[in-house]
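The values are calculated or read from the model by the stated rules, or taken from the named source; none is laboratory data. Here the structure is a predicted model, which is why all the values come from computation and not from measurement. Every residue, glycine among them, receives a Cβ derived from its backbone with ideal geometry; neighbour counts consider all protein chains shown. Protein only, heavy atoms only, side chains kept; ligands, DNA and RNA dropped before computing areas. Shrake-Rupley method; radii C 1.70, N 1.55, O 1.52, S 1.80 Å.
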Amino acid sequence: MTGSEPTVTLEGMSTSPPLVKRIPAGLWTGSVWCAAGVEPVVRFVATSPGQGYSLSYPRDGLDSFEARVLLALAFLLVFSGSALLRRRTALAYGLVVAATIVSTLAWRQDEMPPLQFLGVDVALYHVAATRPRRTTLAAAAAALGVLAGYLAPRLITGSESGTASEPFMSLTVIIALLVGSSVQQTRAHTADLHARAAAQAVTDERLRIAREMHDTVAHSIGIIALQAGAAARVVETQPGKAHEAMLTVENVGRETLSGLRRMLGALREADQERPRPDGDQDRPGHGRSMQAPLHPIAGLADVERLAASTTAVGVRVEVRWQGRRRPLPADVELASFRIVQESVTNVVRHSGAGSCRVHVDYRDDDLVIEVSDRGKGTCTDTGFGLAGMEERVALLHGDFTAGPRPGGGFRVVARLPVSSVAGTEQEAKAGAR
């Protein structure tokens, strides 16, 4: 009802707020006040005497020129206040209160009409919903002060013979204050949640890119180190092989540099796409998915290439496939390849083994990956390799174990749940191409 609620955009779809919330607060205030101001004129002045009579609104109340001028002034004040309520809230609220007082002067009333005061309550709601607490309390105090100013003289003079209406109207002031303050707190809490969600999305994206960088760079640097070491040992005795090793270092280095550029570009894009807490949607890239994949996406189809490149640098990788090979969801494909890649990298860098075995088992509901070697049986990985693999598996609700083998060596086993429905859909899409 404040007229300031933004349109919510979700995945390209716009959802407008309800009609009640799209109506400006000033229009609500003016409509309520004018309805209450016109009603006594029609009921007690414009109609015939048989239609009713009121001591609060005497039939001759508007006979004098001064009364008509005051009533016109009251309407002018409330129209001005309604127009300014959104831009100059404090001033507009004062105009509405003044219009209400002038209206009672026009009718020569010594008490505040309850219906007329509803316009003040609506304006107070908007003040409480949009302005700071100090302004809100001052506005509520002004409303209560006006009511007290009408009630006190009647109590002092003893002219109050019935139940006074001002105490009940003071309750409506408190209600308008509480409801408006609650709306403001809700908005602030919602904005805080949006800001936290945006910050968490950026953090998640950066963690994802960090995992990609670690898995890609660690493997490439391991191969570069092996090839460079081999070239240094044979550079004088076997220049041809040294030249070949350095070409491999160059190619792997270029591939790694290209991958780093893609990842850093995605990281920068994720930072630019972070929504601001004030809801500003004019920043470049706003509304696009912050989980845009890094292209190209690696998968199990790249395991053979990984094995060949690792074998070429001196550590033989044997790949064994079991079960019916089929397309899997992209997140499972990527996680599977990264687990194999990191495990093979650890074999190259830490195990001292000359070979390792990669076993990929396609089951009905699971994909099981096992990478084992017959090396030292310990992993001296002090980085984030094992932790990154475990995190990938945990995100997919799978199981992960890593440790020395009973017969010697080291083994990594990961079980990733694979939905049969998801696999069927992927396979159907692949067959339709």
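Some observations on this one:
- The listed peptides 158-165, 332-339, 317-324, ordered by packing as a protection proxy, come out as 332-339, 317-324, 158-165 (highest mean of other Cβ atoms within 10 Å first).
- For the pair residue 189 and residue 304, the difference between a 0.36 nm per residue extended length and the Cα-Cα distance amounts to 36.3 nm.
- For the range 406-411, 3J(HN,Hα) computed residue by residue from phi via the Karplus equation (6.51, -1.76, 1.60; θ = phi - 60°) reads x, x, x, x, 9, 9 Hz, glycine and proline entered as x.
- Taking the protein heavy atoms of the range 292-376 in the context of the full set of protein chains, the accessible area attributed to carbon and sulfur is 47 percent at 1.4 Å.
- Potential lengthening of the chain between residue 72 and residue 22 amounts to 15.1 nm, from the contour at 0.36 nm per residue minus the alpha-carbon distance.
- Protection proxy ranking, peptides 410-417, 308-315, 187-194, average beta carbon neighbours within 10 Å, highest first: 410-417, 308-315, 187-194
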